[in-house]
1. Enumerate by residue number the chymotrypsin sites (Phe, Trp or Tyr not before Pro) in the stretch 147-222 meeting two conditions: DSSP loop (anything except H, G, I, E, B), and at most 14 other Cβ atoms within 10 Å of the site's Cβ.
2. Could you give the nm distance between label points at A214 and S59, where each point is 7 Å from its Cα heading toward the beta carbon?
3. A241's amide H: which non-local residues (gap 5+, or another chain) put their own amide H closer than 5 Å, with H modeled 1.01 Å from N in plane and none for Pro or chain starts?
4. Would you compute the Debye intensity of the stretch 11-89 from its alpha-carbon atoms alone, equal scatterers and no solvent, and pass along log10 I(q)/I(0) at q = 0.24, 0.25, 0.27 Å⁻¹ to two decimals?
5. By how many nm would the segment from T207 to R276 lengthen if fully extended, with 0.36 nm per residue of separation less the alpha-carbon distance?
6. Most exposed first by the Cβ proxy, i.e. fewest other Cβ within 10 Å, how do V196, V211 rank?
7. Take the alpha-carbon positions of the stretch 95-200, form their convex hull, and give its projected area averaged over all directions (one quarter of the hull surface) in nm².
8. Taking amide H positions as placed 1.01 Å from N in the peptide plane, with prolines and chain starts having none, which residues 5 or more places from L70, or on another chain, fall under 5 Å of its amide H?
Amino acid sequence: MASATTFPEVGAGPLAERVAARLADLSPTERRVAQFMAAHPEEAAFLSAADVAGQLGTSDATVVRAVQALGYAGLPELKRELIEVLKSRATPALRLGRSLEEIGSADPAAALHHAIDQQIDLLEDARRSVRPEAFQHAVDVLARAEHVHVFGVGPTGALAEYFAIRLGRFGRPATAITTTGLLLADSLLSLRPGQVLVVLSYARVITEVEVLLARARRLDVPVVLLTDTLATALADRVDVALSARRGRSGGWSTISTTLVLIDALLFGLAARDRARVLTSLETLNEIRAALVGQSTVEGDWAINDTQPAPDD
């Protein structure tokens, strides 16, 4: 029989305490449900009983029984608790504080080594978490698009802009959607069948993402999701999800894995249609040459002796 000492490290909290106290009283299947919920609170907070049952190969009724055996009235109560716990954990100050504790030194070199080591770990993890067949599917979906809309808000909005600019330079019409609230409605007016929606969404499903996905489904627009923990929660509403962690649990999140996924998709598209990409970049270079007067090809941008190279 499993004991509390074999339980995954999930940190303090009401759910973890209940599981530790009642684990021995649960049936083997209920135990698996309880351990899953406590070990993956970011996912469990947004999953239905059917979602959890599907992941664990059990029934909806078993999931509900396990939740009730832990002392909750039902799954909605547990999910509300998890969301509140996640909100309290996710303050920027707390996340940064935890990361600084990991560095353990005021020496700037320690911060440098910590950041590099963390990015290496995250990228190695992404190598495992992003399934090759899912990545291939994402490239296929993007390659067929007449126009690509890329959604991201806050700091992620800059990544959406980057992706859209790069796609445009590759000869693929693209637009970044970075607005929220009522302004998002204006952006969604241009969404059409034959286009593709790329959604950068992390940690929790915000209202804007709910509306985006509903609109995409209504118009039969394929959706590519780049995320960390929402792949399962949104599985029935997206065509393909590329899932990669952005940081250690409870620590400061970074953009490196998202940026690498974006660049990988761009490389995949370029390899798929090399002639189209090269022709578009040549046109870009000609236009830049006309603007600065003299052109030297350097990667995918044009420079001259007196002008600094624009961001590529």
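1. Here no loop site has a sparse enough neighbourhood.
2. 3.3
3. Those lying under 5 Å, H to H, from A241 are L225.
4. Once normalised to I(0) and log-transformed, intensities are -1.16, -1.27, -1.49.
5. 21.1 nm
6. V211, V196
7. Average projection, Cα convex hull of the stretch 95-200: 9.2 nm².
8. It is none; the list stays empty.
We did not get these values from a lab; they are worked out from the coordinates using the rules stated. Values in this document were obtained by computation on a predicted structure and should not be read as measured data. Note that we place each Cβ from the backbone using ideal geometry, even for glycine, and neighbour counts take in every protein chain shown.
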